[in-house]
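*Asks:* Just dropping this structure here.
The values are calculated or read from the model by the stated rules, or taken from the named source; none is laboratory data. Quantities reported herein were computed from a predicted structural model and do not represent experimental measurements. When we count neighbours, we look across all protein chains shown, and the Cβ atoms used for this are built from the backbone with ideal geometry, even at glycine. Protein only, heavy atoms only, side chains kept; ligands, DNA and RNA dropped before computing areas. Shrake-Rupley method; radii C 1.70, N 1.55, O 1.52, S 1.80 Å.
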Amino acid sequence: ALQGRGPDTAPVPMTTSERLGVNKIRLESQLREALAARGLELSLQPLLDVDRGRIAGYEALVRWHHPERGPISPVEFVALAEETSLIVPVGEYVMDAACESVARLVEAGHGHPFVAVNVSARQLSHPGLVERIVARADAASLPRGSIKLEITESQVLDYDLVGQVISLCHNHGIKVALDDFGTGYSHLAHLHRLEFDVLKVDQAFSRHMLGDPRAMAVVEAVVQLGRALQAEIVVEGVETSAQLQALRRLGCHYAQGYLIGRPRTLTDILAESPPGPFGG
Ligand code: C2E
Ligand code: MG
Ligand code: MG
Ligand code: MG
């Protein structure tokens, strides 16, 4: 990407294939192999029920263990998977593994946590998405209410499609979250049309909340907006107990971030005893 540029020119961000020094086709075939050979794994990051002080659920975050290059972040390979439509089988892997993980947590006495799964726009237009999720939940004997879908705000482009997916989900008791709320295009004008059950406030807001009263005012307003729309509010990127205290005061429902817990494998979570009250 730097070819033909002088030394003073700011570097252009590398694409995944450039960073890994392979072409896209090769990377795509490696991702395909990883899918077949269990080279993908889930990390589970806990969400705290702020009022009850208990872990209420987990977000499933996909990881790729590349044989030569080590772990590759979803920020990089999900975009590639979206470009190539591999996101559909990747998404199916994630949904399977997420359902299985919750079932294992329930079995091991971790209560009845929900699992939130990220879905890309491309998966939404793939026919049968919701039906497959329902079939998987049933196969794992999970109540449908224990599954939440997360749709990133910047991927909400086709309102009719997203609206249809949401109402199909609601017919089956599955909740839908608007992820990274506040960072995509402004959807405020359309928010009333899309009956999201959860608004996930991006970590950009929690990061500046305590240092900047205006950022705090925005978070406060979003919490109120969520209440008015009867949506649950999750704030992402909670890293300090001061932030958590502020969110509790504002009436935020769920907190997610390194303070509550980093993303971990199911094996690591199961190796510990079921969580007691947070901080206790
Ligand atoms: P996201 O859904 O907004 O997930 C939250 C990201 O923030 C995760 O990064 C998580 O590790 C990180 N994070 C959580 N708490 C903190 C914190 O306190 N501080 C900081 N600095 N970061 C925190 P991750 O796992 O790298 O995932 C990045 C994005 O990749 C996700 O953003 C999601 O959009 C996408 N993604 C992950 N898994 C999947 C998947 O299975 N399917 C699809 N379509 N996208 C996925
Ligand atoms: Mg998410
Ligand atoms: Mg997010
Ligand atoms: Mg995010």
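*Asks:* Can you tell me which residues in region 27-65 are within 12 Å of the chain's Cα centre (by Cα) and among the hydroxyl-bearing types (Ser, Thr, Tyr)?
*Replies:* Correct list: SER43, TYR58.
*Asks:* A further question on this structure: Which ones in region 150-184 are under 17 Å from HIS112 (Cα atoms) and either within 16 Å of ligand 3 (Cβ to nearest atom) or open to solvent by 50 Å² or more (accessible area, probe 1.4 Å) (or both)?
*Replies:* LYS175
*Asks:* When both residues are 6+ apart or on different chains and their Cβ atoms are under 8 Å apart, which pairs have a first residue that lies in region 254-280 and is under 20 Å from CYS99 (Cα atoms), and a second that is open to solvent by 80 Å² or more (accessible area, probe 1.4 Å) and at pLDDT 95 or above?
*Replies:* LEU266/ARG104; LEU270/ARG104; PRO275/ARG54
*Asks:* Kindly indicate which of SER29, SER73 is closer than 27 Å to SER146 by Cα, at pLDDT below 95, surrounded by fewer than 20 Cβ atoms within 10 Å (Cβ to Cβ) and not aromatic (Phe, Trp, Tyr). Give the derivation first.
*Replies:* Values: SER29 fails: closer than 27 Å to SER146 by Cα.
Selected residue: SER73, the only one of SER29, SER73 that is closer than 27 Å to SER146 by Cα, at pLDDT below 95, surrounded by fewer than 20 Cβ atoms within 10 Å (Cβ to Cβ) and not aromatic (Phe, Trp, Tyr).
*Asks:* Can you name the condition, by its number, that LYS200 falls short on among (1) among the basic types (Lys, Arg); (2) within 12 Å of ligand 1 (Cβ to nearest atom); (3) open to solvent by 40 Å² or more (accessible area, probe 1.4 Å)?
*Replies:* With respect to (1) among the basic types (Lys, Arg); (2) within 12 Å of ligand 1 (Cβ to nearest atom); (3) open to solvent by 40 Å² or more (accessible area, probe 1.4 Å), LYS200 is out only on (3).
*Asks:* Check off (1) more than 16 Å from ligand 3 (Cβ to nearest atom); (2) under 17 Å from LEU48 (Cα atoms); (3) open to solvent by 20 Å² or more (accessible area, probe 1.4 Å) for THR267 and give me the number that stays unchecked.
*Replies:* For THR267, the exception is condition (2).
*Asks:* Of the numbered conditions (1) open to solvent by less than 10 Å² (accessible area, probe 1.4 Å); (2) in contact with a His (Cβ under 7 Å, 6 or more places away or on another chain), SER206 fails exactly one; give the number of that condition.
*Replies:* Failed condition: (2).
*Asks:* Taking region 76-104 as the search range and keeping residues that are open to solvent by less than 20 Å² (accessible area, probe 1.4 Å) and in contact (Cβ under 8 Å) with a residue 60 or more places away in the chain, which one is nearest to ARG132 (Cα to Cα)?
*Replies:* SER101
*Asks:* A follow-up question, please. Go through region 51-67 and give me each residue that's at pLDDT 95 or above, open to solvent by 60 Å² or more (accessible area, probe 1.4 Å) and assigned to a strand (DSSP E or B).
*Replies:* Selection gives ARG54, ARG63.
*Asks:* While we're looking at this one, here's another question. Considering each of ARG227, ARG214, ARG249 in turn, give the residue that is in contact (Cβ under 8 Å) with a residue 12 or more places away in the chain, more than 16 Å from ligand 4 (Cβ to nearest atom) and open to solvent by 40 Å² or more (accessible area, probe 1.4 Å).
*Replies:* Unique residue meeting the criteria: ARG227.
*Asks:* Need a quick list: helices (runs of 4 or more DSSP H) entirely within region 133-241 having at least 1 residues that are within 21 Å of the chain's Cα centre (by Cα) and of a type in the set (Asp, Glu).
*Replies:* By residue number, no helices (runs of 4 or more DSSP H) qualify.
*Asks:* Run down SER125, SER141 and say which single residue is open to solvent by 50 Å² or more (accessible area, probe 1.4 Å), under 24 Å from ASP268 (Cα atoms) and touching a residue at least 24 places away in the same chain (Cβ under 8 Å).
*Replies:* SER141
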